[in-house]
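Following: one structure in C-alpha cells, then a few remarks.
The values are calculated or read from the model by the stated rules, or taken from the named source; none is laboratory data. Predicted model only: the values in this text are computed from it and were never measured. Using ideal geometry, Cβ is built from the backbone for each residue, glycine included, and neighbour counts are taken over all protein chains shown.
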Amino acid sequence: EAGLKYTGRQAELIDFFQQLTTVNLAGRLVIAGASILERVNITDPQFEYELQSFLREQLEIPHYLINETYRFVFRSVKASQESISDSLRRRLKRWAQTKHTHCYLCGVALDFDDTDSHHSFTCEHIWPRSYGGNSIEENLLPACQSCNSSKKGNYATWVMPAIQSLIMGFNPASQRLQEIEGCYKFALHYKMAQKLATQKHLSLKRAFLKIGAWTEVRVSHPDDVADFFNLENYAPHPALHL
C-alpha cells in the first residue's frame, strides 16, 4: 500500500488488486474442479480427494480451512455445470416483457421474438456460470444476445479488461469517449454496481437494477487525467450518493 500512496488512486488500486485476486482465484478453483470432473464423477470420493489435494498442495490452504474451502468450491463447480431451467427462463422472460424490456447492460430494446438477432432476449448470469455463478433468479437479468456473448467470452468483472491501457489525457473529446470499447463500458458499469452493492448492502442484481443500463461515458473530475478510474457511465441519482 505504501507504493500506492502518491498515485492519487490508492483506494481504487487497492480495490482493483483485491478484485483481481478474487477473480483469478475463483477461476482457478472452478476450472480445477471442472478438470477433475472430466475424469471422475462429482459424487465420487476421488473427486474430493483430488480437489482437497489441490487446495493443500497448490494453494497452500491451511488444514483448518480445507473443509470449508472444499465445500465452497464444490458448490461453485456444481453451479458451473447447471443450466437455467426452462421454467425459470420462461418466468424471467414474462417479467422482462412487462417490467424490464431493455438490456440491463447497454440499454438496447430487447427482441423477444427473433432468437437470432443481436438484440434477442437472453437470461444473463450476473456472476458468470463459468466462475461458479448459480443459475438462479437472483443471479440473472435480461440482456441482449450481443452483451451476453461478449461478457461470457471476455470478462467476469470490472477488473478483467486491461484498464491500465485506458488513459486518455485531459478533457478528451466526447466522440472519443463514446468510442471506448464495450469491455471498458461494461467494466465501468460493473464497478459502479459493485460499489453501490457494497455501500447499500444490496445484491449485485438489486444494484444493477438501481443504477440502470450504462449511459454515455463522461469524465468524473475534469481537472485530472481521464483514465479508467476517472470515468463513469451511469445516470447520477441523488438517492445513490456515489
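Numerical summary
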{"item": "Qualifying residue in region 199-206 (condition: closer than 16 Å to PRO128 by Cα, in contact with a helix residue (DSSP H, G or I) (Cβ under 8 Å, 6 or more places away or on another chain) and part of a helix (DSSP H, G or I))", "result": "yes"}
{"item": "Meets criteria (under 22 Å from PHE17 (Cβ atoms) and touching a residue at least 12 places away in the same chain (Cβ under 8 Å)) for ALA162", "result": "no"}
{"item": "Flag if ASP116 is out of contact with any His (no Cβ under 9 Å at 6 or more places or on another chain) and either surrounded by 13 or more Cβ atoms within 10 Å (Cβ to Cβ) or at pLDDT 95 or above (or both)", "result": "no"}
{"item": "Failed item, numbered, when GLU124 is tested on (1) exposed (fewer than 14 other Cβ atoms within 10 Å of the Cβ); (2) closer than 30 Å to ILE36 by Cβ; (3) touching a strand residue (DSSP E or B) at 6+ places or on another chain (Cβ under 6 Å)", "result": "(1)"}
{"item": "Within region 153-187, considering residues that are aliphatic (A, V, I, L, M) and in a loop (DSSP other than H, G, I, E, B), the one nearest to VAL108 (Cα to Cα)", "result": "ILE180"}
{"item": "Qualifying positions in region 132-152 - assigned to a helix (DSSP H, G or I) and either among the basic types (Lys, Arg) or crowded, with 18+ Cβ neighbours inside 10 Å (or both)", "result": "ASN139, GLN145, SER146, CYS147, ASN148, SER150, LYS151, LYS152"}
{"item": "Subset of region 35-72 [β-branched (Val, Ile, Thr) and closer than 18 Å to LEU25 by Cβ]", "result": "ILE36, ILE61, ILE66, THR69"}
{"item": "Residues of region 207-240 satisfying the condition of being of a type in the set (Lys, Arg) and either within 26 Å of ARG176 (Cβ to Cβ) or part of a strand (DSSP E or B) (or both)", "result": "ARG218"}
{"item": "Options ARG89, ARG75, ARG94: the member that is loosely packed, with under 14 Cβ neighbours inside 10 Å, touching a residue at least 12 places away in the same chain (Cβ under 8 Å) and part of a helix (DSSP H, G or I)", "result": "ARG75"}
{"item": "Single match in SER150, SER146, SER203 (criterion: at pLDDT 90 or above, closer than 27 Å to GLY33 by Cα and not assigned by TED's automatic domain parsing to the domain that holds PHE72)", "result": "SER203"}
{"item": "Within region 154-176, considering residues that are within 12 Å of the chain's Cα centre (by Cα) and not hydrophobic (A, V, I, L, M, F, W, C), the one modelled with the highest pLDDT", "result": "PRO161"}
{"item": "Conditions (1) among the β-branched types (Val, Ile, Thr); (2) more than 21 Å from ARG129 (Cα to Cα); (3) part of a helix (DSSP H, G or I); number of the one not met by VAL30", "result": "(2)"}
{"item": "Pairs, first assigned by TED's automatic domain parsing to the domain that holds PRO142 in region 103-120, second surrounded by fewer than 18 Cβ atoms within 10 Å (Cβ to Cβ) and of a type in the set (Lys, Arg), C-beta under 9 Å, six or more apart", "result": "PHE112/LYS93"}
{"item": "Filtered residues of region 186-212 (kept if in contact (Cβ under 8 Å) with a residue 40 or more places away in the chain and more than 12 Å from the chain's Cα centre (by Cα))", "result": "LYS195, LEU196, GLN199, SER203, LEU209, GLY212"}
